[in-house]
1. For a quick check of your reading of the model, give me the residue pairs whose first member lies in the range 45-58 and is farther than 17 Å from R23 by Cα, whose second is within 12 Å of the ligand (Cβ to nearest atom) and in a loop (DSSP other than H, G, I, E, B), with beta-carbon atoms closer than 6 Å and at least 6 apart or on different chains.
2. Which is of a type in the set (V, I, T), touching a strand residue (DSSP E or B) at 6+ places or on another chain (Cβ under 7 Å), more than 22 Å from L86 (Cα to Cα) and at pLDDT 90 or above, of V262, V233?
3. Residue by residue through the range 153-165, note down the ones that are within 13 Å of the ligand (Cβ to nearest atom) and exposed (fewer than 15 other Cβ atoms within 10 Å of the Cβ).
4. Please count how many residues of the range 29-38 are within 12 Å of the ligand (Cβ to nearest atom) and surrounded by fewer than 16 Cβ atoms within 10 Å (Cβ to Cβ).
5. Take the conditions of a type outside the set (V, I, T), outside any loop (DSSP other than H, G, I, E, B) and surrounded by fewer than 18 Cβ atoms within 10 Å (Cβ to Cβ) and apply them to S9. Does it pass?
Amino acid sequence: MNTPLLTSSEIRNGLDTSIFGKRDIIHYRETDSTNTRARDLAERDYPEGTLLIAENQTAGRGRMGRRWHSPAGMGICMSIILRPRLSPGDAPLITLMTAVAAAETLISLLQLKVRIKWPNDILVSGKKIAGILTEMSAAKNDIRYVIVGLGMNVNTPFEILPDDIRDIATSVYIETGKRFKRAEIVRTFLKLFEHYYQLLLESGSEQIVPRWKEHSEIIGKRIRVDAVSNTFVGRVIDVGRSGVLLLEDERGNVQSIISGDVSILA
Ligand code: BTN
């Protein structure tokens with residue numbers, strides 16, 4: 001059983017934001033990837049706050065070139081166009097603030113025990129319930145636009161999860177035993193997203209990073225990070241001002257890592 005389609009009228013009904021959800025909302029029954037569509041629209045000068053939502057993605061993308069799989073009509077697949085006045089080096093903070101907004105959405109609506117795994121995995125019971133894909137276009141020292149993509153498993157039953165992700169993925173339905181109105185989750189997320197985005201523009205990392213750390217599960221832990229061309233092992237000492245992970249490696253050197261896949265070691 002699917003909940004109503006995530007159309008603009010469904011989302012706008014009771015939405016309490018100023019920008020996000022108040023500009024164009026483009027709803028697809030099916031598209032390749034809302035992040036890919038959002039890039040096209042951003043290149044055609046669509047403004048900050050434009051929202052794209054798909055019931056089904058045929059080529060949903062995750063980080064590190066992975067696929068994002070979400071059965072039609074059961075999850076949230078959405079992308080937002082941003083045009084932030086930030087330097088490109090601060091872009092990782094957008095991923096962190098989105099993770100905070102997504103985590104706090106699930107906490108406030110469903111009282112779930114949510115943890116964030118750096119940089120963008122939202123975990124419940126140690127399994128992934130949502131992920132974020134942030135993509136940027138920058139020219140010299142300016143960001144032209146950023147696309148923030150959020151994928152969240154909402155009403156997906158365990159049996160429908162593909163075999164290869166059953167051990168590592170979960171959904172709101174699996175965790176609570178109840179179907180949930182996706183539009184309500186989207187509205188709460190947009191409100192929190194707008195709040196943290198304003199804080200980020202006003203005061204940079206100052207309020208975002210401490211908030212992120214409250215929800216994170218890796219500060220102080222020994223981890224392995226598989227980055228694109230390197231693997232790092234060490235203890236997490238902090239998250240830096242621009243959102244980078246600071247890891248003390250086994251030789252005592254501090255490494256700043258911008259992106260990668262984190263595994264927590266025993
Ligand atoms: C990850 O955890 O690797 C990130 C997953 C991001 C998935 C979302 S779904 C909406 C948007 N469109 C995409 O193709 N990807 C993001």
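1. Q57/S33; T58/D32
2. One residue alone meets the criteria, V233.
3. I165
4. Of the residues in that region, 1 qualify.
5. It is true that S9 is of a type outside the set (V, I, T), outside any loop (DSSP other than H, G, I, E, B) and surrounded by fewer than 18 Cβ atoms within 10 Å (Cβ to Cβ).
Here is a yes/no grid of residues against (1) of a type in the set (S, T, Y); (2) out of contact with any Cys (no Cβ under 9 Å at 6 or more places or on another chain); (3) free of Cβ contacts under 8 Å to residues at least 12 places away in the same chain:
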position	(1), (2), (3)
P88	no, yes, no
I94	no, yes, no
M97	no, yes, no
S108	yes, yes, no
S125	yes, yes, no
M136	no, yes, no
R144	no, yes, no
I147	no, yes, no
G151	no, no, no
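The values are calculated or read from the model by the stated rules, or taken from the named source; none is laboratory data. It should be emphasised that the depicted structure is a prediction, and the values quoted were computed from it without experimental measurement. Counting neighbours? That spans all protein chains shown, and the Cβs are built from the backbone with ideal geometry, glycine included.
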